[in-house]
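Encoded as structure tokens, the structure appears first; notes follow it.
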């Protein structure tokens, strides 16, 4: 792709499900912060030109000292202040990009096992379609329940995908989606949903079950196993 590609890595969440005084992105995985592992995946990817890391403004100093400086990342252009929600954090990141950016890759700061193959596949699909997201078919049967936990519906499993990151978009498309969401006060859980609100098609790209988002203590233990054997991802 002869385009300028920037990665936004949101890592401003509080991480309450981890039950740890240290925020998730700064927890150590093999003596290295999870966020540093994630940034490294994009630092080494030859298609990505620049990286913008989105963190809580109160964490700027810690991120600089403990995540960026020890690993001498050359592609990290800027630390961007996060918002109250992930959606607001990504919006802040999009606004920080220069006008010459063609594609935006959004990737969770605590998803350190993304591969070059997945990044490349999402970029290729986005180049063709405008928007693409990594995802994997759901393995379990899913139930839709009411507020009292009684089952209302069982969707057809073959139609269900668990969406991951990276999510890749043409920059003008993602920018428009976020601007409209701001104007209409829409709140969603991922950027693909904002693009869907525009009626724009989003292509699912096969991700990997090893592309784990580290959210709970159990996830951290799984991550330690994955890191010990790179052949598994």
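Some observations on this one:
- Scanning the range 184-203 for residues that are surrounded by fewer than 16 Cβ atoms within 10 Å (Cβ to Cβ) and closer than 24 Å to residue 125 by Cα returns 189, 196, 197, 198, 199, 201.
- In the set 24, 14, 75, 57, only one residue is surrounded by fewer than 18 Cβ atoms within 10 Å (Cβ to Cβ), touching a residue at least 24 places away in the same chain (Cβ under 8 Å) and either over 22 Å from residue 168 (Cα atoms) or over 19 Å from the mean Cα position of the chain (by Cα) (or both); that residue is 57.
- Selection of the range 140-183 for residues being in contact (Cβ under 8 Å) with a residue 60 or more places away in the chain and either within 16 Å of residue 122 (Cα to Cα) or touching a strand residue (DSSP E or B) at 6+ places or on another chain (Cβ under 9 Å) (or both) yields 166, 167, 168, 169, 170, 171, 174, 175.
- All positions within the range 126-138 that are in contact (Cβ under 8 Å) with a residue 60 or more places away in the chain and either within 17 Å of residue 153 (Cα to Cα) or surrounded by 14 or more Cβ atoms within 10 Å (Cβ to Cβ) (or both): 126, 127, 129, 130, 131, 132, 133, 134, 135, 136
A short reminder: the numbers here are calculations on the coordinates, not readings from a lab. All values reported here derive from a predicted model rather than from experimental measurement. Neighbour counts are summed over all protein chains in view; Cβ atoms, including those assigned to glycine, are modelled from backbone coordinates with ideal geometry.
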